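Student: Sharing a structure below in structure tokens format, with a few things to ask.
The values are calculated or read from the model by the stated rules, or taken from the named source; none is laboratory data. On a predicted model such as this, the values are computed, not experimentally measured, just so you know. We place every Cβ from the backbone using ideal geometry, glycine too, and count neighbours over all the protein chains shown. In case anyone asks, the SASA skips ligands and DNA or RNA and just uses the protein heavy atoms, side chains included. Shrake-Rupley method; radii C 1.70, N 1.55, O 1.52, S 1.80 Å.
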Amino acid sequence: MADGASHQTIGAALGAPRLNQALAARSSLWAVCRCGREASVDPGPWFAQGLARHSVEHLESRLRCLCGARRVPLEIRGLAEAPHGVTGGIYVFR
């Protein structure tokens, strides 16, 4: 910038989303499989393991879907973004 200050978008400043961001007010952690299944994920066990500062991308290999997928992408969503349909079928391992 002209005055010497730097400007970064929030996404660039924070990098990849971290698990501890799922604890923010009105946030939730969701697994979304390529087959279309979505499920809310309780981050509590991962916090208990000391993984709060890990990127959610590194935790995706700990999820399994009924379709057979052995890695399911994670998203941090606001409460208003939660799906209104049927959810489930994705499970946490480790």
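Student: Since Ala31 meets every condition but one in (1) open to solvent by less than 20 Å² (accessible area, probe 1.4 Å); (2) part of a helix (DSSP H, G or I), which condition does it not meet?
Tutor: Every listed condition holds for Ala31 apart from (2).
Student: Taking the stretch 34-43, which residues are out of contact with any Cys (no Cβ under 8 Å at 6 or more places or on another chain) and either in a helix (DSSP H, G or I) or surrounded by 13 or more Cβ atoms within 10 Å (Cβ to Cβ) (or both)?
Tutor: Scanning the stretch 34-43 gives Glu38, Ala39, Ser40, Val41, Pro43.
Student: A further question follows. Please give the number of the condition Trp46 fails out of (1) over 18 Å from Ala16 (Cβ atoms); (2) part of a helix (DSSP H, G or I).
Tutor: (1)
Student: For Leu51, which of the numbered conditions (1) on the phi < 0 side of the Ramachandran plot; (2) in contact with a strand residue (DSSP E or B) (Cβ under 7 Å, 6 or more places away or on another chain); (3) surrounded by 15 or more Cβ atoms within 10 Å (Cβ to Cβ) fails to hold?
Tutor: (2)
Student: Being over 14 Å from Val92 (Cβ atoms), open to solvent by 60 Å² or more (accessible area, probe 1.4 Å) and either assigned to a loop (DSSP other than H, G, I, E, B) or not aliphatic (A, V, I, L, M) (or both) is the filter here; which residues of the stretch 59-79 pass it?
Tutor: Once the filter is applied, which keeps residues that are over 14 Å from Val92 (Cβ atoms), open to solvent by 60 Å² or more (accessible area, probe 1.4 Å) and either assigned to a loop (DSSP other than H, G, I, E, B) or not aliphatic (A, V, I, L, M) (or both), the stretch 59-79 yields Cys67, Glu75.
Student: Hey, can you tell me all the residues within the stretch 62-79 that are closer than 21 Å to Asn20 by Cα and either touching a Phe, Trp or Tyr at 6+ places or on another chain (Cβ under 9 Å) or touching a residue at least 12 places away in the same chain (Cβ under 8 Å) (or both)? Full working, then the answer.
Tutor: Our first condition is that a residue be closer than 21 Å to Asn20 by Cα; within the stretch 62-79, this holds for 62-63, 71-79.
The answer is Arg62, Leu63, Val72, Pro73, Leu74, Glu75, Ile76, Arg77, Gly78, Leu79.
Student: Same structure, new question: Hey, can you tell me all the residues within the stretch 25-45 that are touching a strand residue (DSSP E or B) at 6+ places or on another chain (Cβ under 8 Å) and farther than 14 Å from Ala80 by Cα?
Tutor: Taking the stretch 25-45 as the starting set, the residues that turn out to be touching a strand residue (DSSP E or B) at 6+ places or on another chain (Cβ under 8 Å) are 26-33, 35, 37-43, 45.
Within the stretch 25-45, Ala31, Val32, Cys33, Cys35, Arg37, Glu38, Ala39, Val41, Asp42, Pro43, Pro45 meet the criteria.
Student: Now, a different point. Can you tell me which residue within the stretch 49-58, out of those that are of a type in the set (A, V, I, L, M) and not in a helix (DSSP H, G or I), is farthest from Leu29 (Cα to Cα)? Full working, then the answer.
Tutor: If we filter the stretch 49-58 for residues that are of a type in the set (A, V, I, L, M), which is where we start, we get 51-52, 56.
Still in the list and also not in a helix (DSSP H, G or I): 51-52.
Working: Leu51: 14, Ala52: 13 Å.
In this case the residue turns out to be Leu51.
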